[in-house]
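Down below is the structure, laid out as structure tokens.
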Amino acid sequence: MFRPDDILYEDNHLLVVNKHAGDLVQPDPNGESALEDQIKAYLKGRDAKPGDVFLGVVHRIDRPVSGAVLFAKTSKALVRLNEMIRRGEIRKTYWAVTEQAPDPTEGELRHWVLRDGKTNRSRAFDAPRGEAKEARLRYRLLGASTNYSLVEVELLTGRHHQIRAQLAKIGCPIKGDLKYGARRSNPDGGISLHSRSIELLHPVRKEPVGVVAPVPEADNLWAYFRQF
């Protein structure tokens, strides 16, 4: 559930929130409470707004993933941010705790990702196949513990479950991600993938904005990896 201290950045046009693993960004067909509605209700009360609160979802991260999510507080900002997303002008960096270290320790992955709507899962292929879409990311190994590795990922495209599918494809499933080959689940039902930072040129003021999301505090492994 959203808490006011989850807000990492806010001005008249933008809002960045540190999402908890397990929270929905937008409502689903089941009508379950989502971050979007919770933030709207909070802003309405805090700012004593008489009418509806505008809040545009600029990008989504998967339910079991934690970290920074960007919202637009004005329609002008939303239009411009959507165009920036389309042109690849918003830099999104993730931290992933993986069960194996990637080899080589840094590089760029290029696959073709095909989504299966029935299983809500994506498969990564080495070559084009049917309706699969090109998926690209950069990665580098930041550190390691006895059993796990910390990998930094910069998304170059935005495909369904892209990081999860591509890392699994190279033999580095994310800790807790049973859907993509992890050995066991995490106690909270989430996976150890965190939207670490967002960098962009402000859509209205045209100034650089950079936001870093702290990793989950209650997780001892994340606490260990905070040093990197």
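Points to keep in mind about this one:
- Beta carbons closer than 9 Å, at least 6 apart along the sequence or on distinct chains, pair a first residue in region 4-19 that is over 21 Å from residue 82 (Cβ atoms) with a second that is among the charged types (D, E, K, R) and in a strand (DSSP E or B) for 6/19.
- Scanning region 121-164 for residues that are of a type outside the set (Lys, Arg), under 20 Å from residue 66 (Cα atoms) and in contact with a His (Cβ under 8 Å, 6 or more places away or on another chain) returns 122, 158.
- Check on residue 143, assigned to a strand (DSSP E or B) and either over 20 Å from residue 87 (Cα atoms) or free of Cβ contacts under 8 Å to residues at least 60 places away in the same chain (or both): yes
- Cross-chain or 6+ apart pairs with Cβ under 7 Å, region 88-114 first and within 17 Å of residue 151 (Cβ to Cβ) and at pLDDT 95 or above, then among the polar types (S, T, N, Q) and assigned to a loop (DSSP other than H, G, I, E, B): 96/192; 97/192
- As a summary of the residue check, residue 195 satisfies the conditions (1) in contact with a Phe, Trp or Tyr (Cβ under 7 Å, 6 or more places away or on another chain); (2) among the hydroxyl-bearing types (Ser, Thr, Tyr); (3) part of a loop (DSSP other than H, G, I, E, B) except for the one numbered (3).
- Pairs, first in contact (Cβ under 8 Å) with a residue 40 or more places away in the chain in region 33-52, second hydroxyl-bearing (Ser, Thr, Tyr), C-beta under 7 Å, six or more apart: none
The values are calculated or read from the model by the stated rules, or taken from the named source; none is laboratory data. Note that this is a predicted model, so its numbers are computed, not measured. Don't worry about glycine lacking a Cβ; one is built from the backbone with ideal geometry, like all the others, and counts go over all protein chains shown.
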